[in-house]
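Reviewing the structure listed below.
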Amino acid sequence: MHAEEKLTYETWPAEPEKSTLEAKNKFLGFWLFLGGETVLFASLFATYLSLKDKVPNTSQPLAKDLFELPLTFVATMLLLTSSLTSVYAIYHMKNFAFKKMMVWLGLTALLGFGFLGLEVYEFNHYVHLGHKFTSSAFGSAFYTLVGFHGAHVAFGLAWCLSLMFRNAKRGLNLYNAPKFYVFSLYWHFIDVVWVFIFTVVYLMGMVG
Amino acid sequence: MKRLANWRLFSLFAIVALVLSGCGKPYLSTLTPAGEVADIQYDLMGLSTIIMVGVIIVVMLVFVIVFFRFRRKDDRIPKQVEGSHKLEIIWTVIPILLLLVLAVPTVSATFKLADVKTMDDKNSKAVVVNVRSHLYWWDFEYPKQKIVTSQELVVPTDEKVYFSLKSMDVKHSFWIPAVGGKLDTNTDNINKFWLEFDAEKSNEAGNLFYGKCAELCGPSHALMDFKVKAMSKDDFNAWVKDMQSVKAPEKAQTALAQQGQDIFNKSCIGCHAVTPENKMPETARIAPNLSNFGERSRVAGILDHNKEEVKNWIRNPETYKPGNTMTGKYPQMTEDQLNALAEYLMGLKVQD
Amino acid sequence: MSTYAQKKGFGATLWDFLTTVDHKKIAILYLIAGGFFFLIGGIEAVFIRIQLAVPNNDFVSAGAFNEIITMHGTTMIFLAAMPLVFAFMNAVMPLQIGARDVAFPYVNALGFWLFFFGGIFLNLSWFLGGAPDAGWTSYASLAIHSKGHGVDFYVLGLQISGLGTLIGGINFLVTIINMRAPGMTYMRMPLFTWTTFVTSALILFAFPPLTVGLVLMMFDRLFGANFFEVAQGGNTVIWEHLFWIFGHPEVYILILPAFGIFSEIFAMFSRKRLFGYSSMVFATVLIGFLGFMVWAHHMFTTGLGPVANAIFAVATMAIGVPTGIKIFNWLFTMWGGSVKFTTPMHYAFAFIPTFVMGGVTGIMLASAAADYQYHDTYFVVAHFHYVIVGGVVLALLAGTHLYWPKMFGTMLNETMGKITFWTFFIGFHMTFFIQHFLGLWGMPRRVFTYLPGQGFETSNMISSIGAAFMSVGVIVLLINIIVTSVKNVRVGNDPWGDGRTLEWSIPSPPPFYNFKQLPLVRGLDAYWIEKMEGKKEMTPAEPLGDIHMPNSSFLPFTTSLGLFIAAFGAMYHVDDKGWALPVLFIGLLVTFGSMLLRSVKDDHGFHIHKEELMNEDDNKGVKA
Amino acid sequence: MANQQLNSGNPRVDLEYRRRKSAEEMRYQVISFALMIFLTLVAFAAVAAKGFTAWFTIPFIVLLAAVQVVFQLFYFMHMSHKGHEAPTLFLFSGLFVGLVMIWAFSTIIWW
Ligand code: HEA
Ligand code: HEA
Ligand SMILES: [Cu+2]
């Protein structure tokens, strides 16, 4: 199968993300990249864990003074749900239902924006409490870990939108199907990282 | 021709190795251990060297045979062998055994050298030294004796001396090669270990060992040397007494020295203490303590100990230790002022 | 469309190389750039040896000396050895597995340009206020303390080139997993391909910790963070861990491909298949695996405590076992063989005792309690130059001679090759053997001078003379390259006559699509098998058909250039320079703009049609 | 091609079969999503209910996170499907390296 081939509902393959050599390569390459990202985030987690609550003086807030359940919970729900919506998008992609896929992708992006908005609000809130990037090692480690994840979300959103714009007119073909698929992998991975962030940073932070 | 060059090469090594293994100064080399720690390490080094030389010999044996027997002589195609399980088991198992022979003493020595329980025991009489490293100089505090000295560590022989190490600026590493391995002075935490100075070997070395900084710490890292005076327990106790008895700065003996003291009190005393008491917290001790400067063996750890070098140093420390923290902290001195200062400083002695 | 087989002007050739996505041309780029940085690193090494030739020397100042050793280590490891290794991986690995290109030709080019711009950025520090001076390890307390922009150059330059290496690694992995020719099972892959595979996996997992470490240091130095600021709760030991979690696998990233090159050479010039192939593969994987569990052996004196030291000591020693397996398998490959001492074989043969010496001193270092004495002395310097120069550099020199005909279609002169070998080899042992003793006698490393009267004089002099010999060797190699390129005697498919693997079954240099028809692989040493059956060529695995090829692109260059520009903005931002932030944004804009352009433009590549391929054949027939 | 083994010669039948299968799979996805939400709720609840000791809560919520991630990987990201051998190998290798690092940073080698 060539990437340029025009396909129809009938001829659309079962695994469009892997039906050309280029697609197979992209699929595998992206997974490997995620393997590397795992180590990247592990390094950040390790750094965070060793610098948690390391502040120069007692006037600065610690993890247990900062984090609040409700905010984290809402953010978590937004991101988890966006993971599901992107699964739907891929489901429709596999069924060659371009319009539906776009709708679900749009939903995913919307949820992502919601999450990012909450994060901006949250950071702003902490800064007012005296927990700044530059005020302590704890602050640096916190904003770097959570911020790295936030930057991943932001990049994912840009990626998602440019994919949608770029392909709005073209529809689905074997050239862009793997791109959508790989994006969804990325998005799930962001969610995986978040699961550990809310557990290790927020929940464990509140437990003490 | 090629073969010849090879042999020449190896005999060259052999000669070079023989001639030069005699080098290395006894008060500096790790190959002339002068204390229990260095002994343990020397033995480990010896054991591992024997194993390694054995390994090299075996490899060389096969190597040489291959070289002579299997050079290409004709166009024949050799038999394509896949491998040999027997051989492979041999060269897997034997190295494992050899490594075990090395691993066991390694682990036990590692634990032994890290044993500092005595140090934390409040009632122990063991000598403890708090080593604080600074950009290019060393501060030695004896917390139990309540005294401080700098640049020259004084220790009793034939007993374990415990060290507590920390850096006040960037990371350094505390190393007395002839007496034992090094330990880093971190900026984050206190590291602890012990050393023992052998009386007999100290005597042979003239009671003076070389100490070095072993972690890159800036331009003058190479010059961050210190000296170790190892003395018998009695001499050590006497030294401590002398140090403790100095409550006020030593009085200048001559008029010139008096002049020097005045200059010192005006320009230098803000950084340099001249009493050995550890009154100030360690973070406030920002320059070497000079209480017993006249009794030291080096100026700034590296220069010969005489008035001329003292003057040179004060005139322009930057040329001797680039990047040191003394440069520019005091006014330019005239030749007369330098003479006076040198006279005063060389007269600072606690032992009579 | 068919850009091949045409003579072109200089401008066109340059443009061709700036936009190429062909793995063979990228290999040449890596070879040139890596070779260039090797010369720079070598000159720095010579400066070190001149300064240390006599006590109290003032050839360079103390500050400059620290810059020189830092740049020597950094340049040699990141900008010379790794790219040169990448050069051979790019040139040879796709051919060895019977592929037409790598999996991501575009990313391949991007990887090169990122490395190149990172390297240039790092070296510009010499002209812009001083090079990094905290050692190639850049330990945090000193690095944070270091004034000027030197360490910023280190942090940003390595970040950029590290990114290039990482994507290069992913590219090789996917290529090997997905693009092997029919019949090329994993256990039929040549050993160089195997080591490329494991090395790439190490890159994938080792570079992220370095990336994170560099980010933390960048945040501390440029954006006011406190990761390593002890007074603010920071901890400098984090840097040491992150650096060595990267740093130790890094040395295996370098040595494994070297092992791969030597494995090819031993088999070729002994005319024997590699002894114990499967245990060689197993050992390679095991070394890679263990490589991740020993990093703290660089930190024995940091004060991690006896438990950690003991664990890491024993884990480190374990690596001696798989390495020993390799050494003996090589020896027994030659055993019973018909060994021809070509230039590459000289290197391979000399490598064995040299590397064993370096390896066993590694095991000595691993003995934690004894390492308290060795650490940060010239003993360590001797160890790692024995493994790096005696292992990696010898392999790179061997590889240069071995693969030169495959890359450029002409042989290097054998006599000059042997002169290079002997001068370099003798000089090498002169320089570094004596350093073991210097270390044991108490000479710390990274000292810009030493005082007379400590017994260091003679030995340092000998060491410096050795470096002069090595320089002569390198210069002879350069002359060799120039002379043979001018003569340009063309060679056929298998110029050494003993080729065993697929790359020797196609023309030198190969056509840009590599294989007209993908070859059918029937076992280990596929080409050798066919040769032994009296055939001249591989049996094709597919009928002649259209070949799909990727388009060239200038975007890898601009993407990397953008980051290069942005790095200047980020760095001068701390000096409150007005232009810094705009420059940062312009740089990022160029980068992200290029990425966006790449992603919105469909790039389907092009096809070489069957007829063209057949014409090609006819032309050849005429010429021959 | 990966979908070739599904060919029965009649494209319509195949298609029907494929659609049914993926619709079924989608149902599993929704179920696993529900489970993930449930696990998250439990984790938050465990922290909100201040009664437990940290010795219980921390391992417990980390375990919940691990389970949840398994759902993500194996259902949402299809890691259990065929053709994911290399991705699995590399992801777990990365995880292994990462865990060794985290283990080291938080146990033996810290003060
Ligand atoms: C290509 C690079 C390379 C390679 C391959 C190695 C290989 C090894 N290295 Fe080395 N090392 C470096 C590059 C390399 N190293 C560098 C650059 C540094 C310094 C960094 C810095 O501080 O700037 C360093 C530093 C270094 C240290 C830290 C020293 C210190 O700073 O105090 C240690 C300690 O354990 C060590 C150990 C080892 C070991 C055990 C091996 C093993 O892999 C060696 C295994 C090989 C053999 C053992 C020989 C063959 C085996 C046999 C013939 C079988 C029989 C053998 C036995 C039974 C012993 N290395
Ligand atoms: C791949 C890695 C690599 C390589 C190949 C080398 C190669 C060499 N290295 Fe080095 N080295 C390191 C990696 C490497 N090194 C590292 C990581 C450090 C630690 C740094 C640190 O402490 O932070 C180090 C440190 C180091 C030191 C210790 C510095 C110190 O602690 O104070 C010394 C001292 O002798 C040294 C010497 C040499 C020499 C003589 C060579 C020789 O083999 C070089 C041979 C090459 C040449 C001689 C080429 C010269 C070329 C010409 C002369 C041709 C010029 C012509 C034209 C331009 C047309 N190196
Ligand atoms: Cu190592």
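The values are calculated or read from the model by the stated rules, or taken from the named source; none is laboratory data. Bear in mind the structure is a predicted one, so any value in this text is a computation, not a measurement. Note that each Cβ is placed from the backbone with ideal geometry, even for glycine, and that neighbours are counted across all protein chains shown. With ligands, DNA and RNA removed, areas are computed over all heavy atoms of the protein, side chains included. Shrake-Rupley method; radii C 1.70, N 1.55, O 1.52, S 1.80 Å.
At a probe radius of 1.4 angstrom, the accessible area of the stretch B:255-346 per residue rounds to 46 square angstrom.
With the full set of protein chains in place, find how many percent of the accessible area of the stretch A:64-148 is carbon and sulfur; take the probe as 1.4 Å. Could the numbers behind the result be given before it?
Working: 2340 of 3220 Å².
The value for the stretch A:64-148 is 73 percent carbon and sulfur by accessible area.
Based on the reciprocal of the average 1/r between different C-alpha atoms, the Kirkwood radius for the protein assembly as shown equals 33.4 Å.
The modelled label-to-label distance between B:Thr334 and B:Ile57, using points 7 Å beyond Cα along the C-beta direction, is 7.4 nm. Relative to the longest principal axis of the Cα atoms of chain B, helix B:2-20 runs at roughly 30 degrees. With respect to chain A, whose longest principal axis is taken over its alpha-carbon atoms, helix A:98-128 is tilted by about 10°. Considering helices alone, the calculated mean residue ellipticity of chain C at 222 nm is -22000 deg cm²/dmol, with DSSP H runs of length four and up weighted by -39500 (n - 2.57) and normalised per residue. A simple spin-label model places the labels of D:Ala23 and B:Lys122 8.0 nm from each other, with each point 7 Å out along Cα-to-Cβ.
Summed over both chains, the accessible area lost when D and A associate is about 4600 Å², using a 1.4 Å probe.
Based on the Cβ-Cβ distance from B:Leu100 to D:Leu63, what FRET efficiency comes out when R0 is 45 Å, to the nearest 0.05?
Details: r = 38 Å, r/R0 = 0.84.
So the FRET efficiency works out to roughly 0.75.
The heavy atoms of C:Ile419 present about 80 square angstrom of accessible area, all protein chains included, probe 1.4 Å. Annotation for the A:C interface, with buried accessible surface near 3000 Å², both sides summed [1.4 Å probe; non-protein components not counted]. Using a probe of 1.4 Å on the protein chains alone, the accessible area found for B:Glu282 is around 50 Å².
Carbon-plus-sulfur accessible fraction, the stretch B:255-346 (probe radius 1.4 Å, protein heavy atoms only): 53%. DSSP bridge analysis restricted to the protein assembly as shown gives an antiparallel fraction near 70%, rounded to the nearest 5.
Indicate the gyration tensor shape class of chain A (rounded, prolate or oblate), computed on the Cα atoms with a ≥ b ≥ c the square roots of the eigenvalues: a/c under 1.5 is rounded; otherwise a/b larger than b/c is prolate and the rest oblate. Verdict is prolate for chain A. Across C:Trp504, D:Trp55, the residue with the most accessible area heads the list, and the full order at a 1.4 Å probe is D:Trp55, C:Trp504.
Just need the relative contact order of the stretch C:425-578 here, percent rounded to a whole number, with Cα pairs under 8 Å and 6+ apart. Write out the running numbers ahead of the final one.
Values: 103 pairs, mean separation 24.6, N = 154.
Value for the stretch C:425-578: 16 percent.
Using alpha-carbon positions, what is the distance between the centroids of the stretch B:84-125 and the stretch C:49-111, in Å? Each part's Cα centre sits 36 Å from the other's.
Kirkwood Rh over alpha-carbon pairs of chain C, then Stokes-Einstein at 10 °C and 1.306 mPa s: what D in µm² s⁻¹, rounded to an integer? Once the numbers are plugged in, D ends up at 63 µm²/s. When only Cα pairs below 8 angstrom with a gap of at least 6 residues are kept, chain A shows a relative contact order of 36 percent.
Placing unit charges on the Cβ atoms of the charged side chains and taking the dipole of the protein assembly as shown about its Cα centre, the candidate lying farthest along the positive direction among B:Trp91, A:Leu174, C:Gly234 is A:Leu174.
With an a/c value of 1.5 or above and a/b larger than b/c for the gyration tensor axes a ≥ b ≥ c computed over the alpha-carbon atoms, the stretch C:322-426 is described as prolate. Site pair C:Thr539 and A:Leu21 shows an inter-label distance of 2.1 nm when each label is modelled 7 Å from Cα along Cα→Cβ. Go through the stretch A:127-143 and flag every residue whose accessible area shrinks by 30 Å² or more with all protein chains in place compared to the isolated chain (probe 1.4 Å). The answer is A:Phe133, A:Thr134, A:Ala137, A:Ser140 - residues whose exposure falls by at least 30 Å² when every protein chain is included.
For chain B, give the share of DSSP beta bridges that are antiparallel, in percent and rounded to the nearest 5; count only bridges with both residues there.
Details: 28 of 40 bridges.
Expressed as a percentage, antiparallel bridges in chain B total about 70.
Within the full protein context, the accessible area of A:His125 is estimated at about 60 Å² for a probe radius of 1.4 Å.
Taking a ≥ b ≥ c as the square roots of the Cα gyration tensor eigenvalues, with a/c under 1.5 meaning rounded and otherwise prolate when a/b beats b/c, else oblate, which class fits the stretch B:262-327? Don't skip to the end; give the middle numbers.
Working: a/c = 1.64, a/b = 1.42, b/c = 1.16.
Prolate shape, in that a/c is at least 1.5 and a/b is the bigger ratio.
Per residue, the average separation of C-alpha pairs within less than 8 Å and at least 6 apart gives the stretch B:255-346 a relative contact order of 44 percent. Computing FRET efficiency as 1/(1 + (r/R0)^6) for B:Gln253 and B:Lys146, where r is the C-beta to C-beta distance and R0 is 25 Å, gives about 0.40. For the stretch C:308-330, heavy-atom accessible area (probe 1.4 Å) falls by no less than 50 Å² from the chain alone to the full protein assembly at C:Met317, C:Val321, C:Phe328. Computed from protein heavy atoms with a 1.4 Å probe, the total accessible area buried between B and C is close to 8300 Å².
Leaving out ligands and nucleic acids, note down the accessible area per residue over chain C with a 1.4 angstrom probe, in whole Å².
Numbers: 18460 Å² over 624 residues.
Here the per-residue accessible area is 30 Å².
In this structure, D:Thr53 and A:Thr134 have a Cβ-Cβ separation that, at R0 = 35 Å, corresponds to a calculated FRET efficiency of about 0.50. Computed 3J(HN,Hα) for the stretch B:312-329, one whole-Hz value per residue from the Karplus formula 6.51 cos²θ - 1.76 cosθ + 1.60 where θ = phi - 60°, is 4, 4, 5, 4, 7, x, 4, 6, 9, 9, x, x, 6, 8, 8, 3, x, 8, glycine and proline marked x.
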